[in-house]
Every structure is written in structure tokens, then in C-alpha cells.
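Structure first, then comments.
Laboratory data are not the source of any read-out in this text; all were calculated from the coordinates shown. Predicted model only: the values in this text are computed from it and were never measured. Every residue, glycine among them, receives a Cβ derived from its backbone with ideal geometry; neighbour counts consider all protein chains shown.
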């Protein structure tokens, strides 16, 4: 089949009534989750994942993907209106979005970020469509050694690049791997770390882990945060959202640059939308002729990052679908969905499941158009959502988490695990250990072990195999560089902080909080 | 055995007949202890819609690969014996215990056999652009340059099949384990392994597209799905006949009435013309069985495989 018949096949799948409905539902839920600060996309996907058991795999993925990219659309709303990022990927949007809202230009900011989001996402989808099949073709040359190297790179990158301390990131990965070891060994069925508990034979549930570390921990963290919002409804009325000619003129290039950067960082393991958004902001400020406008409501400061994070959302699917190697914690959950629905992600996916692959990609267009339509006229509704006090919202969320955990295996043990992982996640937040590398370590650890052992058998016990095969050698070299750079830069950052701490404290405003949010990144 | 006796006692006197009539009261999940796209998985997915229609409840296929199918099998042995968690597995159920003595469950008492679904033959496959066009060439070359043989996991029937072939042919194959037939076929496609004892459905479209080359059918006779492919007996390797059955199990202690009902429903699906038309091109020989008959078969095979493993020196 050629390229265009594939697209037609995908459109046919995406436009069935059922898929349209679930695409809409996913986009709607995603926006909702994105608007409410604190309720992360990981918690949302892990909560709704058991619901998809009754759906066709394609439909299930379409819905969950809708939640994933929908949150990034919705996430800008709270950033702009409340100076609280809806998701970590939107944190940087606070810097200029909130000042715009204070200047009475909140409606314009909301409208323009939706446009930027759509532009970035479209850019990402085009790349996804063009490059995934090429990468998948190439991936058939990958053996166990290459897969091991690739996953090692993903773990090292996610723990050293994306968040605060590289050492703490590596510690999180290690904890994740150890949790992943619980249960029967995948090669010989030897039981490990189950401590005689038969419920642990099949290992720790991915859903329980994700819900605990992200959902429950988030709720505990949020208990004492702002309770409800105070927003001027006039500023978001439809007539107040028309941008000026100057706004439009200033927006083009930041959007384009943001989309390119976002697409690139989306495909890299361990980076994703948050990093893409931050770097896009830094670039815009650096190249601007009027950098002093940034932080005071410069529209470039929201257009670049919002375009970047949505582009990254889309291209993050490239390694997951073509190699079966998830680059981020959310993609690890998507991988779990695929497995549960009997689809083996990897180089064979596109040829064995063309309907799923092309249908999913074409549904991204549908979903993004739905989001465009949902976000612009419904801005008023989303704003009202922000006025629901958290103390009403969170008990309900907690209840859904418990139901979700129980039904994912009909096991009460899962609920205990959610509670235990909630405590672990909370402790990790307090001591600033990032959560995403833990989840990635949990998913990739057992896969890495499998590939490592097989690579060893195939090399007849020769460790140098990882450095002799060209692809593997290159990946290992990059991994080494990433590790060195990560540790070095986090040391440098710490020294800088120490220096700043010695200087007198100069009022830490809201942007500081936004930055902290991004560090907690759960992309 | 104790669990079985208790279950029988309960069934004889105390159990309410309502249990079987009300079954299933919720989603039925069928655990497949292999990665998606192997032949067991494909068969289970072909069966699921028919069972769903019959039972009026969703039937979910849950892949739990690892440990040569023992991870998923152990999981079902721990599940609630309410008939809502079932296992569809291969003869690895009887071969794996022969070489893995430390399993955390007893295959005789912790799982209840329900139905034997049918058999597939094995075909020996290699990469489409492999320089070897016949099995003899590959075997001969392996004696100079050792080759890698893929299996669907330690202790699975494909593992036994390849070990048996190695013993018969004197080929120099090192065995590498994968998590099911799907990943093993990918290893053939990528050239990571040189030979795999596949089923027709695991190799799938790759045979037609020429990405996978079929060298022989393991056994005495050719098969209808691939009439041009020689059998190993024809090629001068007798006694390599090996079949793989696929069967359905429930956790030990499941109400015998529920077991009987599932057995009857599965047998009905196996007689469904539409279903038969879908799976026969995949080289399935379908069976009709009773729970008792299948249980006796399993018991007998558990003993005979153990003996074979000891004789061939591959038991632990």
C-alpha cells in the first residue's frame, strides 16, 4: 500500500462514529484534567485505563491519546488565569500569560495559545506521519544489544536531563527498576522479592504504581494549595479574545520555532513537552530584540512554548509506536495499553496493524480540531471549572483512583499498593526526587534485563558486544555523554543556587513557583 | 489434590446450582501467558467474540508473558476460582514443570483443565533472505559456524521441539529464549536468530510475503496449509514428530458445573463453521474434549514429559 491509501485507511478508521465519539470524549476529559491544576495526565490516564478494557484497541488508544494531548491544551488556561500551571508542560506559559491576564488580555492569551497549540500539534503530526514508518523499517536491524542500549539511554536521559538533581533522578530510576524486579523472572520463572506473598507473583501493577506515585501524591501535595479562583468573567468573553494585528505579527515565528523544537524534543527519550516548552521560551527571549518585554506579557513568550509542548506531545509517539520503547512515563502507560489490548508495539506494528497505526495518527487530526473547537467557544466554561474548590474535587478523584485500582485486577492488594505508593510518592516530592524516572525505570527495567540477558547469550558471554555493534556503540557513547553532562550541569546548578542563597532573598514571585512545578515534571 | 476433593465435596452436596446458571456475572478475562501475536494469542482472540456473544459479557484477553508461560499460568493459579479468570495456554503447561522444578504452583491441583482446543504442527523457519534454502544446508553449515535457534520461552513446547531436533540432527544450534512466538518471529525477521520452530499462525503473513522462509514441517507428514514444504521425516530426520496443543484452564477449585458449562460453550464455538473457516488456514486441528478427558491427558503428559526431560538431560 502506498502512502495515500494508508492515509485514507486511517481516515476511514478515525471517522467511524465510535472512534469519533471516543476521540471527542478523550479530548474533552483531557481539557478538563488539564484545566484543573495538579490533576496530572498520568493520574488521569491510569484512572481511565481500566475503562478501555471494553473497547477495541484502536478506540482505546484514540481516547487515551486524546486525554494526553488534550491536557496540554487545557493546561494553559490555569497558567494564564491563575498563574498555576495546569500541567508541568504549561508552567512556562505562566511567565507571560498571567501578566497578559492582569492587563485584561486574558481572553486573547487563551485564544492565541489554543491557536499555537493547534499549530504545534499539526506540525508534530506531519512529522509523525512521515517518519514513523521509516524508523520502523530501520528498526528491524535492531537486535537485543541495540534495544538494551536504547533503553539505557532513555533511563539515563530521563533521570539526568529532565529534572533537578541528576543523582536523585538516577536514584528514582533505580527504585523503579527494583520495584519492576518483583515477581517472576521473565526468563526462568524464578520468583523474586515476593516475600512469600502470592499476590506479588505477577509483579507490581503498573496502574497501582502510577496512581499512587502521581495521583495520590499529587492530591496530598495539593491539599493546602489555593482553594478557588477569582476571575473576572468579562476578560474571557468571546468579544474580548480577538488579537490585535501586532499580536498576530509577533506570533508567527515563535510558533514555527516552537513547533520545530518541540518535535525534536518529543522524540528524544527523557525529555518531552516540559523541556521543549522551557527551551522554546529561552530561545525566544534570547533572540528577541526586546527581551525586557518577556515576563511582562510578551505574546511570543506564550506562543513558542505552547506550540512546542503540543508538537512534543505528538512526536513522543514515534519511538513508542515504531520501536516499542517509550520515551516518557506517559508513553510507558500507552505501551501498557497496547499490550493489554494485544498489540505488540515495535517495528512490526505498522505492517501487522495498519488500521490501528494509521487510524490512531489520523485521529490526532480529528482530536486536535475538536480541541480547537472545544477550547475557543468554551473558554468561559473552563474558567468556571477553575472555581470549583479543591476540597470538593479531590475526595471524588481519590475515590475514582481506588475504584480504578481495584478493578484493574479485582484485587484488594492493588488498593494497598496504591496507598503505599502514594506515601512513597509524597516522600519523593518532599525530598525532591522526580517521579517520572521511577515509572520509566519500572517499565523499562524488566525489558532491559530481558534484552541484556539475551544479548549476552547471543554474544556468547562477551560484554564488549554493546560497544562493538555500531548502532549500539553510538547509543552507548551518547548515553555516557548525557550522564556526564547531566551530573555536571546539576552540580553547576546547585553551586549557583548556593551562591544565590547566600545573597539576600529577593521576593520569590509566582514565576519561581512555575519553575518548581516544571521540575516536578510528570511528562 | 485436597482443593479438588473439597471442590468435589462441595459440588456434590452443598453448592447451589444457581452458581453455574448465573455465570458469568461479569467480565471474563482470559489470560494468555505469551506476548501478543503468537499462535495461542491469535487463537484466543479468534475465540473471544464468539464466547462474548454466548456469555453476554465482555471477554478480555490479558497477555502476561514471561518465564516460558509460567508467569501468566501462576497468576491464574492465584485467581479467584469464580470462572471469571481463565487461562488459555499451550502444552508448555506440561513441558515447563518438567524442567522448572521450583514453580510456585502445582499444575495438578492449582489449575483445573476445562477443554483441549486443538493442535498445531511446528514448521522450521529462517529469514527470507537467508543464504540457506534447505534445512540440510543450514544444519551442515551450523557444524562449521554455530547458529542460534529461537524459542518461545524456556520449557515451552517450541523449546522441546528444537532440542529434540538438535539431538536428532546433530546441528550446532545455541538456544535463545524469547517471550512468545511473536517476538521469536521478529528475531528471525531481524536475523538475530537463524532458526525457529514456529506455528503457521505465528509466522503469519511473513510466509506469504517471503520475509520468512519455511524449511520444513517438524514431523512425519506434510501439512495442508503448506503442501509444498517437506516434512523432517522426508528429509531424513525421523522421530521429530511433535505437536502443540492449546487448552483452557480455570483456577483450582472452580465449581465443576461452571467448568462443564465453559467446556460445553467452547466445544460449541469449535464446531462453529465460521470459526473453523477462520482458523483452519492457520493449521489448527480442532478437538472436542471433556474436562475429565483433558485432565487425564494433562496428568499423563506431566509424567511423560518429566521422564523425557530427565532422559535428555535438560531437567534441572
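Which residues does a label at residue A:11 reach in the stretch A:352-392, if reach means a backbone N under 20 Å from a point 7 Å past the Cα toward the Cβ? Backbone N within reach: A:354-373. Secondary-structure-derived ellipticity at 222 nm for chain A, considering helices only, amounts to -23000 deg cm²/dmol, per-run term -39500 (n - 2.57) for DSSP H runs with n ≥ 4. Counting only C-alpha contacts under 8 Å and six or more residues apart, can you give the relative contact order of chain A as a whole percent? Relative contact order here is 29 percent.
DSSP beta bridges fully contained in chain B are about 60 percent antiparallel. Annotation: the antiparallel percentage among DSSP beta bridges lying fully within the protein assembly as shown is about 65. Using the Cβ-Cβ distance between residue A:372 and residue A:392 with R0 set to 30 Å, the FRET efficiency from 1/(1 + (r/R0)^6) comes to roughly 0.50.
Mean separation of Cα pairs under 8 Å and 6 or more residues apart, divided by the residue count, gives chain B a relative contact order of 27 percent. Between the stretch A:57-126 and the stretch B:235-286, what is the separation of their alpha carbon centroids in Å? Measuring centre to centre over Cα atoms gives 52 Å. Which stretch or stretches of the stretch A:165-185 have amide N atoms under 20 Å from the point lying 7 Å from residue A:420's Cα along the Cα→Cβ direction? Under cut-off, by backbone N: A:172-185. With axes computed from alpha carbons, what is the tilt in degrees of helix A:273-287 against the longest principal axis of chain A, rounded to the nearest 10 within 0 to 90? The helix A:273-287 is inclined about 50 degrees to chain A. The stretch B:84-136 and the stretch A:133-165 have Cα centres spaced 32 Å apart. Using the Cβ-Cβ distance between residue B:22 and residue A:223 with R0 set to 35 Å, the FRET efficiency from 1/(1 + (r/R0)^6) comes to roughly 0.20. The angle separating the long axis of helix A:166-181 from the principal Cα axis of greatest extent in chain A is about 50 degrees.
In chain B, helical runs assigned H by DSSP with n ≥ 4 each contribute -39500 (n - 2.57); averaged across all residues and rounded to the nearest 500, the mean residue ellipticity at 222 nm is -12500 deg cm²/dmol. To the nearest 10 degrees, how steeply does helix A:245-267 sit against the main Cα axis of chain A, on a 0 to 90 scale? Tilt relative to chain A: about 10 degrees. From the alpha carbon centroid of the stretch A:369-400 to that of the stretch B:161-213 is 52 Å. By the count of neighbouring beta-carbon atoms within 10 Å, fewest first, B:297, A:353 end up ordered B:297, A:353.
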